[in-house]
Amino acid sequence: MTRAWRWAFYDWANSAFATVVIAAFFPVFFKTVAAADLASSEATFWLGLGNAAASLIVFIAAPVLGGVVDYAGRKQAGLITATTVSVIATAALFWVGAGQWPLALTCFIVALAGFFAAMVCYDSLLTDVSESADYARVSARGYALGYLGGGLLLTFDVVLVSAPQWFGLSGPSAAIRWSFVSVALWWLVFSLPLWLGVRECRPASPFDLRRAARQSVLDLSDTTRAIVTQPVIWRFLAAYWLYIDAIHTIVRMAVDFGLNLGLARQDLVMAILLAQFVGFPASLFFGWLAMHWRLRASIFIGLGVYAAMSIWSYFLVAAWQFYVMAVCIGLVQGGVQALSRAYFAAIIPAAQSGRYFGVYNMLGKFSAIIGPVLVGVTTMLTGNVRFSIVSVSILLVAGAIFLATSRDPKQAHRATETVKRSG
């Protein structure tokens, strides 16, 4: 197995958490078990706040983390540490009882923060495992494997929750708890190919955390100045900051949205499962498309579909409409995220990928602070959950406007090199 395949296989591993825990079962478990004694709107508010809290943690830590792993040549070590924390916190959800929503939310926040932190290290390794011409293809391969792996485990867990008696369990609540354990084990086992077979190009240096953190802060200042002086980079980051907010919010809050509309839990989970398997070939297609077309234009397609689905959600009254929404999102979700990662990798210095991807993930998580809170607050203030998903469409439009002012990475890379030579 090549380094690029080992790297992409980590998406197979960690997407189980994104699919089973974030998108499918934790919102159900939180609302129907852990926070069963809270009003529906209050439970939605706390769920949104929990998502925002995890994003805030990574927003603060991501740039420093990216600088530390760059400086010490320890991207993989950072990835292993963050993944281990998340795996433990995910498994700990097994012991959360009815009404223990603060404990459930704490475990979720820790697991989600670790998941995000691991992605800082994982994304930055893209420049170590492939050449710039292959960034889009390798990045899309990772998302495609993530959809397939996450979909397979979700299939098993759907059966587990739908027929708990087949496994000797007392009911759906017990089955959901065991689904959290299955995610922890899946994530840990399938992370091993990357952990054991991928090394970054820069060899690890003697590690002094205090010195590395100090240097990363200094590097962050330099990186920030470099970004500000290069419109090619900061315009894309502004666009990404806006549109990824809407994408993350829709994915994390979709099941809660459906529950508030009175849709059956089984329909919601099956729709997410369908989106996973649609996302596998769709992500590969976006990788192919980017090799034959402009990256920016390919991203625009995905943003257009997201905007249409956010408006569609307002009129959603039946399960089949939620299925349509899930399929359409599955067609573009992996593509938008994979091509965004490849776009950014193509316009930054490869030798400083850790610190640049620290900023990239910081902005992504900062946007995710706003979105879930926006959904929760909109629901609380209006009393109408239909306005919640529609409200994020303005972020998609604003992101598309900024993206329209950026350039295709091939042109952007030449412009970036010009700036660096003139500096």
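The values are calculated or read from the model by the stated rules, or taken from the named source; none is laboratory data. None of the values given here were measured: they were computed from a predicted structure. We place every Cβ from the backbone using ideal geometry, glycine too, and count neighbours over all the protein chains shown. Each accessible area value is taken on the protein alone, full model and side chains, heavy atoms only, with ligands, DNA and RNA left out. Shrake-Rupley method; radii C 1.70, N 1.55, O 1.52, S 1.80 Å.
Below are the figures for this structure:
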read-out	value
Near pairs, Cβ below 6 angstrom, 6+ apart or cross-chain, from the stretch 120-143 (among the hydrophobic types (A, V, I, L, M, F, W, C)) to any residue that is surrounded by 21 or more Cβ atoms within 10 Å (Cβ to Cβ) and outside any helix (DSSP H, G or I)	V138/S130
Those residues of the stretch 93-106 which are part of a helix (DSSP H, G or I) and open to solvent by less than 20 Å² (accessible area, probe 1.4 Å), in sequence order	L93, A104, L105
Count of the stretch 13-46 residues which are open to solvent by 10 Å² or more (accessible area, probe 1.4 Å) and not in a helix (DSSP H, G or I)	4
Residue that is farthest from S406 (Cα to Cα) [pool: residues in the stretch 320-336 that are touching a residue at least 12 places away in the same chain (Cβ under 8 Å) and open to solvent by 30 Å² or more (accessible area, probe 1.4 Å)]	Y323
Any hit, the stretch 71-90, residues being open to solvent by less than 50 Å² (accessible area, probe 1.4 Å), at negative phi and touching a Pro at 6+ places or on another chain (Cβ under 9 Å)	yes
Verdict on G142 being more than 19 Å from L273 (Cα to Cα) and not charged (D, E, K, R)	no
Members of the stretch 11-29 found to be within 16 Å of A175 (Cβ to Cβ) and modelled with pLDDT under 85, listed by number	A24
Only listed residue being buried (at least 24 other Cβ atoms within 10 Å of the Cβ) and part of a helix (DSSP H, G or I), chosen from A62, A53	A62
The stretch 113-139, residues that are within 25 Å of F277 (Cα to Cα) and either modelled with pLDDT of 90 or more or in contact with a helix residue (DSSP H, G or I) (Cβ under 7 Å, 6 or more places away or on another chain) (or both)	F115, F116, A118, M119, Y122, D123, L126, Y135, A136, R137, V138, S139
